[in-house]
Amino acid sequence: MPDYRRMAGEKQESQVSYFLDRYFGHDDSYRILNNLKIEINGFTSQIDHLIIYKAGFIVIESKSIQGSVRVNSAGEWERSYKDQWFGIASPVQQAAMQIDNLKALLSPDFS
């Protein structure tokens, strides 16, 4: 049986890649990397979209969600599906971890 959530996620990442390329792709002051995997200290991060420019970089975490999304007072994310709520990983925390790993990888102290 196909993994519909994985397929929906890949489709969403592809759509975001398309729009990022349309917006930034013709500007030589930016570089866009999609589906970037980095490993640091045995931990692998997968960054959906990374925009690199002279002043720094932007990490974008894509999500494919049908229904509603909410964040409770503890910062926990949930999505609705068929009138039920399910916990999901926080894309904000995912991006923050990816940024930390990317900074560590780019650090002059990295060995």
(message) What aspartates and glutamates does residue 63 reach when the alpha-carbon gap must be under 16 Å and sequence neighbours fewer than 8 apart in one chain are set aside?
(response) 3, 10, 13, 48, 76, 78
(message) Tell me the angle of helix 4-24 to the major Cα principal axis of the chain, expressed in degrees between 0 and 90 and rounded to the nearest ten.
(response) 40
(request) For the chain, just run the numbers: alpha carbon Rg, then divide by 2.2 N^0.38 Å, N being how many residues it has. (result) 1.22
(request) Give a residue-ordered list of calculated ³J(HN,Hα) values for the stretch 67-83 (Karplus: 6.51 cos²θ - 1.76 cosθ + 1.60, θ = phi - 60°; whole Hz; x for Gly, Pro). (result) x, 10, 10, 9, 10, 7, 5, 8, x, 7, 9, 9, 10, 9, 8, 6, 6
(request) Any chance you could give the angle, 0 to 90 degrees and rounded to 10, that helix 91-106 forms with the longest Cα principal axis of the chain? (result) 20
(message) So, R0 is 41 Å and r is the distance between the beta-carbons of residue 85 and residue 52; what FRET efficiency does that work out to, to 0.05?
(response) 0.65
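Go through the stretch 58-111 and name the chymotrypsin sites (Phe, Trp or Tyr not before Pro) that are in a DSSP coil and have 16 or fewer other Cβ atoms within 10 Å of their Cβ. Working shown, then result.
Values: sites: 77, 81, 85, 86, 110; in loops: 110.
Here the chymotrypsin sites (Phe, Trp or Tyr not before Pro) that fit, given the DSSP loop and packing criteria, are 110.
Give the calculated FRET efficiency between residue 97 and residue 7 to the nearest 0.05, with a Förster radius of 22 Å applied to their Cβ-Cβ distance. Numbers along the way, then the final one.
Values: r = 25 Å, r/R0 = 1.12.
With R0 = 22 Å, the Cβ-Cβ based efficiency is 0.35.
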(request) Quick one: net charge around residue 38, please, counting Lys, Arg +1 and Asp, Glu -1 for every other residue with C-beta under 14 Å from its C-beta. (result) -1
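Throughout, read-outs are computed from the coordinates displayed, never taken from laboratory work. Computed from a predicted structure; not experimentally measured. Cβ sites come from the backbone with ideal geometry, for glycine too, and all protein chains shown count toward neighbours.
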